[in-house]
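Novice: Before I ask anything, let me first share the structure, which is written out below as structure tokens.
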Amino acid sequence: MTTDPLPGRTLRRIVEVAQHAPSVHNTQPWRWRGSGTALDLYADRSRQLARSDPDGRNLVISCGAVLHHVEVVAGPLGLRTHVVRLPDPEEPDLLARVELSPAEPSPPAGDVLDAVARRCTDRRRFTSWPVPDEQLTHLAAQATAWSSRAFPMTDVSDKFRAELLVNRAVDLQAADDSRQREQAEWVDHGAGDGVPSAVLPAPADVLARRPSRFRSGLQDDLEAREVESADGLIVICAPSDDIPAWLSAGEALSAMWLEATRKGLSLVPLSQVVEFPETRDAFRLEVLGGMAHPLILVRVGWQGISRSQLPPTPRRPVAEVLELA
């Protein structure tokens, strides 16, 4: 049985909604090619951060997040998805092929689309109210459902070791001028990407605590300041540290983030501890007991109920990221 090609407007609508996905420094390092009933996801290496992400780990995690967004928004838009990851060994930047077929719109359509629209990276300090362990366990389960491992760090000694390693990574980044310049380039980068300075914490607030990873005290879209005692921590990890694991980690991160949004929780990924071999290896051995590779660490907490809503970070137009055959 053959399926009629989907209208171009349908493919454009899916990509348009999925564009809300998070990405490192809001680089949006992906490209889509649409034809017939499929969307092909490619890594856009022109948007890779050469200094802080030479292996492309954060780039692929970002692509995994937008892949998951396509998977979850297709249902409310009346489509079923079948995903083939890394479908062509001859094209390593072709990360996934999403086959689409008509289906009844999924019942919680409004809930899914609302969570996608409301999800954001709010770097302001969380309140002092701790997140219950059962909430952290629930969020970790959302990530684990997407072929990654996720562990809530409820053990006091594990959390303490993780905090020390995050602080160490922040110090290493703050001392690296080239990384500082690279990150600063993506602040107020353009009309459709980068991180607006309006959504960043005040520099004085950061510098009063410790030297920032940015000379101005600014932070990027997938990273946050060092951990505070009330913050919940969840680590997404895998037995291997390679492209398939990174892609799954991005899907897991997106699933966990959307669920946190539904629950009224704020989530901010901490990728800096994984960016340096020194802290990445120490985390694997000292926190995970050598059993898995850390791929991304996230902190979870509550934002103050009286705080104003942050303005949305910009997104590239669909025409820039989607090519239709």
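The values are calculated or read from the model by the stated rules, or taken from the named source; none is laboratory data. Quick caveat, the model's predicted, so the values are computed rather than measured. Every residue, glycine as well, gets a Cβ built from its backbone with ideal geometry; the counts of neighbours run over all protein chains shown.
Novice: Working only within segment 271-325, note down all residues that are surrounded by fewer than 20 Cβ atoms within 10 Å (Cβ to Cβ), under 30 Å from ARG97 (Cα atoms) and out of contact with any strand residue (DSSP E or B) (no Cβ under 7 Å at 6 or more places or on another chain).
Specialist: Once the filter is applied, which keeps residues that are surrounded by fewer than 20 Cβ atoms within 10 Å (Cβ to Cβ), under 30 Å from ARG97 (Cα atoms) and out of contact with any strand residue (DSSP E or B) (no Cβ under 7 Å at 6 or more places or on another chain), segment 271-325 yields PRO312, PRO314, ARG315, ARG316, PRO317, VAL318, ALA319, GLU320.
Novice: So, GLU104, is that one at pLDDT 95 or above and not aliphatic (A, V, I, L, M) or not?
Specialist: Here the answer is no, as GLU104 does not meet what is asked.
Novice: Out of contact with any helix residue (DSSP H, G or I) (no Cβ under 7 Å at 6 or more places or on another chain), within 28 Å of LEU310 (Cα to Cα) and in a helix (DSSP H, G or I): is that true of ALA198 in this structure?
Specialist: yes
Novice: From VAL66, VAL84, VAL70, VAL98, which residue is surrounded by fewer than 16 Cβ atoms within 10 Å (Cβ to Cβ) and not assigned by TED's automatic domain parsing to the domain that holds LEU253?
Specialist: VAL84
Rundown of residues vs (1) touching a residue at least 40 places away in the same chain (Cβ under 8 Å); (2) crowded, with 19+ Cβ neighbours inside 10 Å, yes/no style:
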| position | (1), (2) |
| --- | --- |
| ARG118 | yes, no |
| ARG123 | yes, yes |
| ASP133 | no, no |
| LEU136 | yes, yes |
| LEU139 | yes, yes |
| PHE151 | yes, yes |
| SER157 | no, no |
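Novice: A further question on this structure: When you scan segment 91-100, do you find a residue that is at pLDDT 95 or above, assigned to a loop (DSSP other than H, G, I, E, B) and more than 23 Å from the chain's Cα centre (by Cα), even just one?
Specialist: Yes, the conditions are met somewhere in segment 91-100.
Novice: Something else about it: I need the full set of residues from segment 17-39 which are under 14 Å from ALA65 (Cα atoms) and in a loop (DSSP other than H, G, I, E, B), in order please.
Specialist: GLN19, HIS20, ALA21, PRO22, SER23, THR27, GLN28, PRO29, listed by residue number.
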